[in-house]
Amino acid sequence: MRLVISLLSGALFGAGLYLSGMTDTTKVQGWLDVFGQWDPTLAFVMGGAILPMAVAWQLTRGRRPLSGGTFPTPARPEIDRRLVIGSTLFGMGWGLAGLCPGPAIASLTFGGLPGLVFAAFMIGGMLLAPGLKARLDRAVPAE
């Protein structure tokens, strides 16, 4: 049952990304082009995602997921070296390619070679990240 719920949730998420235009790299890069031909569409998509999610977090208190297990606890709002480095790398990749992980996975079905190349490098980065984190932690201990 959990696999079916995951599959349906992922399909709904991918369909939402596609219908909202977030798999279109030019639309995402247009959002980042604040001093050029700025496209505010992404702000509405983000708002349309953040508001229901804020309500959903409130509704999960004291409840259990239908498929078993527990809901994850919200992350602590700390700004540390890992957050700054990770968000900087994420933002650079997002700005250069116009894709982040969700739309990149969704675009594998229709993105052609550029989508495959992006996904390959994204997966490579995910595989290299733990080793890089370990090296950084040895070189400069976390605060």
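The values are calculated or read from the model by the stated rules, or taken from the named source; none is laboratory data. Please read these numbers as outputs of a predicted model, since none were measured by experiment. In this analysis, Cβ positions are derived from the backbone assuming ideal geometry, glycine residues included, and neighbour counts consider all displayed protein chains.
Of the numbered criteria (1) modelled with pLDDT of 85 or more; (2) under 30 Å from residue 62 (Cβ atoms); (3) under 14 Å from the mean Cα position of the chain (by Cα), the one residue 90 fails is (2). Note on segment 58-79: among residues that are more than 25 Å from residue 20 (Cβ to Cβ) and surrounded by 11 or more Cβ atoms within 10 Å (Cβ to Cβ), the one that is modelled with the lowest pLDDT is 67. For the residues 55, 84, the requirement of being aliphatic (A, V, I, L, M) and either under 20 Å from residue 20 (Cβ atoms) or touching a Phe, Trp or Tyr at 6+ places or on another chain (Cβ under 6 Å) (or both) singles out 55.
The set of residues from segment 1-43 being surrounded by 11 or more Cβ atoms within 10 Å (Cβ to Cβ), of a type in the set (Val, Ile, Thr) and within 30 Å of residue 67 (Cβ to Cβ) comprises 5, 23. You will find that of 98, 111, 131, the residue that is at pLDDT below 80 and not charged (D, E, K, R) is 111 and no other.
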